[in-house]
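A.B. asks: Dumping the structure here so I can ask a few things about it.
Computed from the coordinates by the stated procedures, all read-outs in this text should not be read as laboratory data. Quantities reported herein were computed from a predicted structural model and do not represent experimental measurements. Using ideal geometry, Cβ is built from the backbone for each residue, glycine included, and neighbour counts are taken over all protein chains shown.
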């Protein structure tokens, strides 16, 4: 039986079977792939003047994909990193089709030949201790809503959690109030299904205990004023609103990921070794964490001071140390 030439069956198998069952990609990656084609298909449909449900695989030409990528940057204002992310999803789909239908091998090669655009990683933004404390002081803790907002921001700063990890946190993921020689812990569910545990400060443990006092184990820890779990968008709005109330941060873009960077930078400044910070943040590779060893001028100045030219040398050579020479001869 010949493979279908229309796009729909291929795309359905790719999104519902291949990336879920065969590749077992993370949930957020699957959503990213889905969103790519939600943007691509209407764009191609307008270009070839065909309804979306009648599009063929061959309608997604390499030229059309290049125009789509240019549209993302010029019209939608997407960054180069987002552009490359969308291209990666299209390449994965082309590889899937080409590996199953020899008739589409040439088409697959044209799509996969589209190069990713070189991007310069943005500088790491982070807050000083005073700026972070000023943000934590913005919620009105006399109100129930202010207490919840303070608890969420303090948790992000304490653990360096990603937004997805914070909004997925459940009451059963917290080990607090034990005080039996152990530590209060939060179990975070990170990228790719990986989990890690982060110790909590006494202040974090206190405010979280108040938050979950009347909730079941499967309930979300952080809920909005409507009583529903916080969304990613809600957390971003909260951080932006609190940052806008701090005069020193008025002209800066502060996001939840900036707080994650802040946690890592403060750990580095406190002398915590880089591998511990890697485990704290849940990075797979330590090369990802190495950026925090380079961003602070204090750390660089201390490193330079260790090898400063012109430092006074020992008054005498080791050869003139009689005790050392006697020790070496006695070996």
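A.B. asks: Work out how much length residue 112 to residue 49 would gain on full extension: take 0.36 nm times their residue separation and subtract the Cα-Cα distance, in nm to one decimal. Could the numbers behind the result be given before it?
C.D. replies: Numbers: separation 63, 0.36 × 63 = 22.68 nm, distance 2.45 nm.
Going from the current span to full extension adds 20.2 nm.
A.B. asks: Next question, about the same structure. Helix-only mean residue ellipticity at 222 nm, the chain, DSSP H runs n ≥ 4 weighted -39,500 (n - 2.57), per residue, nearest 500. What is it?
C.D. replies: Working: 15 runs with 168 residues, N = 331.
The helix contribution divided over the chain gives -15500 deg cm²/dmol.
A.B. asks: Still on this model: Kindly rank 85-91, 190-196, 66-72 from highest to lowest mean number of other beta carbons found within 10 Å of each residue.
C.D. replies: So the order, starting with the most tightly packed, is 85-91, 66-72, 190-196.
A.B. asks: Using Cα pairs under 8 angstrom and six or more residues apart, how large is the relative contact order of the chain, in percent?
C.D. replies: Computed value for the chain: 14 percent relative contact order.
A.B. asks: Normalized C-alpha radius of gyration of segment 7-112, against 2.2 N^0.38 Å?
C.D. replies: Normalised by 2.2 N^0.38 Å, the Cα Rg of segment 7-112 equals 1.02.
A.B. asks: Rg (Å, one decimal) plus Dmax (Å, integer) for the alpha carbons of segment 169-221?
C.D. replies: Reported Rg and Dmax, both Å: 11.2, 33.
A.B. asks: Once the piece of chain linking residue 130 and residue 244 is laid out straight, how much longer is it, given 0.36 nm per residue of separation minus the C-alpha distance between them?
C.D. replies: Details: separation 114, 0.36 × 114 = 41.04 nm, distance 1.53 nm.
Difference between extended and current length: 39.5 nm.
A.B. asks: Continuing with the same structure: Specify the inter-centroid distance of segment 28-50 and segment 242-258, based on alpha-carbon positions, in whole Å.
C.D. replies: 34
A.B. asks: Let me ask another. Based on the Cβ-Cβ distance from residue 105 to residue 196, what FRET efficiency comes out when R0 is 41 Å, to the nearest 0.05?
C.D. replies: 0.45
A.B. asks: From the Cα gyration tensor of segment 154-298, with a ≥ b ≥ c the square roots of its eigenvalues, which class applies: rounded if a/c is under 1.5, or else prolate if a/b is larger than b/c, or else oblate?
C.D. replies: Since a/c reaches 1.5 but b/c is at least a/b, the shape of segment 154-298 is classed as oblate.
A.B. asks: Moving to a separate point now. Does segment 39-82 come out rounded, prolate or oblate by the C-alpha gyration tensor, with a ≥ b ≥ c the root eigenvalues, rounded set by a/c under 1.5 and, if not, prolate when a/b is larger than b/c and oblate if not?
C.D. replies: Note, shape of segment 39-82 comes out prolate.
A.B. asks: Additional query: Per the Kirkwood definition applied to all pairs of different Cα atoms, how many angstroms is the hydrodynamic radius of segment 116-238? Could you put the intermediate results ahead of the total?
C.D. replies: Values: mean 1/r = 0.0641 Å⁻¹.
Value: 15.6 Å, from the Cα pair sum.
A.B. asks: Taking 0.36 nm per residue of separation and subtracting the Cα-Cα distance, what length does fully extending residue 147 through residue 255 add? Write down the numbers at each step before the final one.
C.D. replies: Values: separation 108, 0.36 × 108 = 38.88 nm, distance 1.97 nm.
My answer for the length gained is 36.9 nm.
A.B. asks: Going by the alpha-carbon gyration tensor, a ≥ b ≥ c the square roots of its eigenvalues, is segment 95-153 rounded (a/c under 1.5) or, if a/c is not under 1.5, prolate (a/b greater than b/c) versus oblate?
C.D. replies: oblate
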